[in-house]
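Student: Take a look at this one; I'll ask things after.
Read the figures in this text as sums done on the coordinates, not as results from a lab. Just so it is clear, the model here is predicted, and its values are computed rather than measured. Neighbour counts are summed over all protein chains in view; Cβ atoms, including those assigned to glycine, are modelled from backbone coordinates with ideal geometry.
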Amino acid sequence: MTDTTVVSTKSPGNLHQLAIYLTRDKLALCAAIFLFILIVCVLFGPLLVGDMAGKLGLRQRNLAPFSLDQGFIYILGADTLGRPILARLIVGAQTTLAIAAAAVCCSMFVGGALGLIAGYSERWYSHVILRLADVIMSFPSLLLALIVLYTLGPSMTNLVIVLAITRMPVFIRTARAEVLELRERMFVSAALSMGASSRRILFRHIAPLVLPTLVTIAAIDFATVILAESSLSFLGLGIQPPNFTWGAMVANGRGYLSTAWWIAFWPGLAILLTTLSLNILASWARTVADPSQRWRLQSLRKAPR
Amino acid sequence: MFAYIGRRAYHSVISVIGLLTLVFFLTRLTGDPSALYLPLDSSLEARQAFAKLNGLDQPIYLQFLQYLSNLLSLDFGQSLRQNRSALEVALEAFPATLQLALIAMTLSTGLAIFIGAMAAARPGSLFDRVAGVVSLAGASTPDFWIAIVGILVFSVGLGLFPTSGTGTALHWIMPIAVLMLRPFGLLVQVVRGTMISALASPYIKTAHAKGMKRRKIIFGHALRNSLLPVITVAGDLMTGLVNGAVVVETIFGWPGIGKLMIDSIIQRDFAVVQSTILVTAIAIFVVNIAIDLLYVALDPRIRY
């Protein structure tokens, strides 16, 4: 999901060249493959194992992992109600990624729009927007999210809203900085002289040029949002049963650490692998996009070291 | 420079007032504390008396004005839960978090500077690659999970460290290690990036040419010039560290400001929530000012 956005925004060249760069960096290749498998699981997994994720089984209660006696779906063990962890991981992945994607998209569009306005206009509301970004930035996001979620009640919509708000300052500031530079360009003066309204200039002429930067930031932010969401769910103010995310699964398993470590271990590992893959791909994309670094991927075999 | 600090303080005060207003009204939306603090079968009169005693019977905007005017005389209200000054409760929990955060930040910054500089000295080497993966992993690890795994391995499995609480030096190791992970991971990458570009500058070539020792070039010349962005990021991470502290304090039962905050939100102890926010915001402001001053000390070109 995210790797494709990074690829399409970071590269002027063709996809084939990118594939070659990807194979040159083994770590990035592994990350891409992992994310690809994850996306396939998220898209098709719930259709196959969705029923299993909620299926109680007294016999399989706290079943230890790595045993195939009960079938492959129990390979990672079962939780305290005998539900197979593998199936729950797949269903949980869908919720986790959906929330993160929704939050990042909201944050990007709302924050981007606010940033465009703040950069283009000198009116009082521009200052209000910037102040708002300062207030959000100057305070630990998790604490703010906890208060808001406790007040509004934890639900999926509220979770998305809170996560989107806490990530917004980055988009506001980036969009504003870009607009400040872009609005001095010739094409803006040309549009102005032809009588275009401010709104038209901002959203038709300037916004398309700001968007690629924002998409790149969104891709990098995705991992951060996944981590933030799982922290909130872990603290019990995120998603509520019967829905669950990976973070909530870790919280469920916390009470059974000494007897059944696997309940809390696997979902956390899933979070780690996902965010790590996203970060590895982001750093690979930075190397590809940076002309002074790209040679590392171009001439790996001929390199002196 | 004092004018600069004054201007910063002025902006921060506006931010903090905005934050306090937001929190004041948000916490009031969560419901009536008398439902939590009085017995279920208590009479209507008792509830009204409780509300009157704590000023909850007034319209909300009057409560807010009252709160602001009390704030000016440094009265932060009473904690409903502990029946004493809310500021006292917040300040009591503050040192535990401050110590935790400062130690974690100092250690992770120091370590990250050293490892990042070593990695940048030979880009593409084995050390650089390992450092790269380790730092990315550190930045991507969910802190609550690594804390749980730490408890599982070191406390339950090996019996090395206590699972929670404070007291001996052993109690400090796991919370600090968990808290260090994320800033360490992010800082190593920043240090490496800035160091690589610093090492490519002409004055490094000059230093090489006049036969200086490699170690002295890296740590004496290049590092000093690449510290500025590192300090900026470290300052930003300080705010984020409070996030980590909330999680770590909850898991390890650390009596700090994060745990106090969660407990107070859940128990509708409004005054304590507001004063913890105020204390945290002031601490963050002080850190930011300290970083600005550090800038001046490190870079003679910068004047405020």
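Student: Calculate how steeply helix A:124-137 sits against the longest principal axis of the alpha-carbon atoms of chain A, using the helix alpha-carbon long axis, and give the answer as 0 to 90 degrees to the nearest 10.
Tutor: Computed tilt is about 30 degrees.
Student: To test your reading of the geometry: what angle, between 0 and 90 degrees and rounded to tens, separates the Cα axis of helix B:60-72 from the longest principal axis of chain B?
Tutor: Helix B:60-72 and the main axis of chain B meet at about 60 degrees.
Student: Between A:Asp51 and B:Ile291, what is the label-point separation in nm under the 7 Å Cα-to-beta-carbon projection?
Tutor: Here the modelled spin labels are 5.4 nm apart.
Student: If I take every Cα pair under 8 Å that is 6 or more residues apart in chain A, average their sequence separation and divide by the length, what percent do I get for the relative contact order? All intermediate terms of the calculation are to be shown ahead of the outcome.
Tutor: Values: 402 pairs, mean separation 74.8, N = 305.
In percent, rounded to a whole number, it is 25.
Student: Counting partner chain Cβ atoms within 10 Å of every residue's Cβ in A:279-286, what's the average?
Tutor: Per-residue shielding by partner chains comes out at 2.
Student: Something else: Using the charge dipole of segment A:145-276 (Lys, Arg: +1 at Cβ; Asp, Glu: -1 at Cβ; taken about the Cα centre), state which of A:Val215, A:Trp262, A:Ser193 has its Cα farthest towards the positive end.
Tutor: About the Cα centre, the residue reaching furthest to the positive side is A:Ser193.
Student: Is there a quick way to get the dipole size of segment B:86-298? I mean about its Cα centre, with the Cβ of Lys and Arg at +1 and of Asp and Glu at -1; what is the value in debye to the nearest 20?
Tutor: Numbers: 13 positive and 9 negative charges, 297 e Å.
It comes to approximately 1420 debye.
Student: If you don't mind, another one. As I understand it, the dipole of the protein assembly as shown uses +1 on the Cβ of Lys and Arg and -1 on the Cβ of Asp and Glu, about the Cα centre. Which of B:Ser42, B:Gln58, B:Leu187 lies farthest toward its positive end?
Tutor: It is B:Leu187.
Student: What is the angle, in °, between the Cα long axis of helix B:223-252 and the longest principal axis of the Cα atoms in chain B? Nearest 10 is fine, range 0 to 90.
Tutor: Approximately 40 degrees, to the nearest ten.
Student: Net charge near A:Gly54: determine it from the other residues with C-beta under 14 Å of the C-beta of A:Gly54, scoring Lys and Arg +1 and Asp and Glu -1. Kindly include the intermediate steps, with their values, before the conclusion.
Tutor: Numbers: positive: A:Lys55, A:Arg83, A:Arg88; negative: A:Asp51, A:Asp79.
Here the charged neighbours net out to +1.
Student: What is the spin-label model distance, in nm, from B:Tyr203 to B:Tyr61 if the labels are put 7 Å beyond Cα along the C-beta direction?
Tutor: 5.9
Student: How big is chain A on each of its three principal axes, counting only the C-alpha atoms and giving the largest first in Å?
Tutor: 76, 59, 34
Student: Most exposed first by the Cβ proxy, i.e. fewest other Cβ within 10 Å, how do B:Ile148, B:Ile282, A:Ile271 rank? If you can, show how the numbers build up before the last one.
Tutor: Working: B:Ile148 23, B:Ile282 13, A:Ile271 30.
With the sparsest Cβ surroundings first, the list reads B:Ile282, B:Ile148, A:Ile271.
Student: Same structure again: Taking every residue in B:244-250, how many Cβ atoms of other protein chains lie within 10 Å of its Cβ, on average? Display every interim value, and only then the final one.
Tutor: Values: counts 3, 3, 6, 5, 0, 0, 3.
Mean number of neighbouring Cβ atoms from other chains: 3.
Student: Where does the charge balance sit around A:Asn252 when Lys and Arg score +1, Asp and Glu -1, over other residues with C-beta under 10 Å from its C-beta? Display every interim value, and only then the final one.
Tutor: Numbers: positive: A:Arg88, A:Arg254; negative: A:Asp79.
So the surrounding residues net to +1.
Student: For n ≥ 4 DSSP H runs only, could you compute -39500 (n - 2.57) per run for the protein assembly as shown, divide by its residues and tell me the 222 nm figure to the nearest 500? Write out the running numbers ahead of the final one.
Tutor: Values: 24 runs with 433 residues, N = 609.
Helix-only estimate at 222 nm: -24000 deg cm²/dmol.
Student: Using 0.36 nm per residue of separation minus the Cα-Cα distance, give me the extension gain between A:Phe44 and A:Ala19 in nm, one decimal. Show your work: numbers first, answer last.
Tutor: Details: separation 25, 0.36 × 25 = 9.00 nm, distance 2.49 nm.
Using 0.36 nm per residue and subtracting the Cα-Cα distance, I get 6.5 nm.
Student: How many times 2.2 N^0.38 Å is the alpha carbon radius of gyration of chain B?
Tutor: 1.25
Student: Hey, rough spin-label estimate for B:Arg7 and A:Val110, points 7 angstrom out along Cα→Cβ, what's it come to in nanometres?
Tutor: Those two pseudo-labels are separated by 3.2 nm.
Student: Beyond 21 Å, what percent of the Cα pairs of segment A:33-162 remain? Intermediate results must be reported in sequence, preceding the final value.
Tutor: Details: 5075 of 8385 pairs.
Summing the P(r) tail past 21 Å for segment A:33-162 gives 61 percent.
Student: Which one, B:Gly116, B:Gly220, B:Gly253, has the greatest fluctuation when you compute a Gaussian network model over chain B with C-alpha springs under 10 angstrom?
Tutor: For chain B, modelled as a Gaussian network with Cα springs under 10 Å, the answer is B:Gly220.
Student: Test of understanding: in a Gaussian network model of chain B with alpha carbons linked when under 10 Å, which of B:Phe24, B:Phe64, B:Phe285 would top the mean-square fluctuation ranking?
Tutor: B:Phe64
Student: What is the Cα coordinate range of the protein assembly as shown on the first, second and third principal axes, sorted by size from largest, in whole angstrom?
Tutor: 84, 72, 59 Å, listed from the longest principal axis down.
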